[in-house]
Amino acid sequence: QVQLVESGGGLVQAGGSLRLSCEASGRTISNNAMGWFRQAPGKEREFVAAINWSGFITQYAGSVKGRFTIARDNAQNAVYLQMNSLKPEDTAVYYCAARQGRTAQTMGIEYPYWGQGTQVTVSS
């Protein structure tokens with residue numbers, strides 16, 4: 001089993017930046033693809049970004065492409081999401097998730113392991 005803990009959320013003004021971190025424990029995630037998802041109030045959970053096991057392949061939702069960057073540090077057993085040029089519509093609870101496989105996927109059902117989430121609020 002792997003446990004995931006997100007941090008780095010908070011309140012920021014539109015146009016600002018935040019860096020989310022996801023620290024894994026229980027076992028190494030160096031062979032696992034990782035993803036970030038978000039859920040806004042009253043909306044379904046949606047894909048944000050994913051990264052393969054090596055960090056060389058990434059995928060992004062169209063709404064965040066060019067603004068968000070996913071990265072990983074396998075030595076630290078962690079994954080990060082750098083969020084720039086934040087917009088009020090980015091307000092949501094952000095979740096880190098781990099796959100059992102190595103390839104990045106955009107569907108939440110592909111990820112059996114999830115963190116508790118961290119709140120990101122962007123004010124206009």
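The values are calculated or read from the model by the stated rules, or taken from the named source; none is laboratory data. Just so it is clear, the model here is predicted, and its values are computed rather than measured. No Cβ is skipped: glycine too gets one built from the backbone with ideal geometry, and neighbour counts run over all protein chains shown. Only protein heavy atoms, including side chains, enter the accessible area calculation; ligands, DNA and RNA are left aside. Shrake-Rupley method; radii C 1.70, N 1.55, O 1.52, S 1.80 Å.
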Explain nothing, just compute: Karplus ³J(HN,Hα) = 6.51 cos²θ - 1.76 cosθ + 1.60, θ = phi - 60°, for every residue of the stretch 95-109 in order, whole Hz, x for Gly and Pro. 10, 9, 9, 10, 8, 8, x, 9, 8, 5, 9, 9, 8, x, 5
Around Gln39, under 10 Å between beta carbons, what's the net of Lys plus Arg minus Asp minus Glu among the other residues? +1
Hey, can you find the accessible area per residue of the chain for me, probe 1.4 Å, expressed in square angstrom? 51 Å²
Of Ile29, Ile57, Ile70, which is the most mobile in a GNM of the chain whose springs link Cα atoms less than 10 angstrom apart? Ile57
In whole Å, how far is the Cα centre of the stretch 9-29 from that of the stretch 66-124? 7 Å
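In a shell of Cβ-Cβ distance under 15 Å around Asn84, excluding Asn84 itself, what net charge do Lys and Arg (+1) and Asp and Glu (-1) give?
Result for the neighbourhood of Asn84: +2.
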How large a share of the accessible area of the chain, in percent, is made up of carbon and sulfur atoms when the probe is 1.4 Å and the other protein chains stay in place? 47 percent
Comparing Gly55, Gly15, Gly35 in a Gaussian network model of the chain (Cα, 10 Å), the one with the largest mean-square fluctuation is Gly15
Quick one: divide the alpha-carbon radius of gyration of the chain by 2.2 N^0.38 Å and tell me what you get. 0.96
How far apart, in nm, are two points set 7 Å out from the Cα along the Cα-to-Cβ line at Ser123 and at Gln100? 4.5 nm
Exposure of Thr121 as accessible area (Å², to 10), given a probe of 1.4 Å and all protein chains: 50 Å²
PRE zone check, label point 7 Å out along Cα-to-Cβ of Ala40, amide N under 13 Å, scope the stretch 58-89, hits 63-64, 87-89
What's the FRET efficiency of Ile109 with Lys87 using the Cβ-Cβ distance as r and R₀ = 30 Å, to the nearest 0.05? 0.65
Could you give the dipole magnitude of the chain about its Cα centre, charging the beta-carbon of Lys and Arg +1 and that of Asp and Glu -1, in debye to the nearest 20? 160 debye
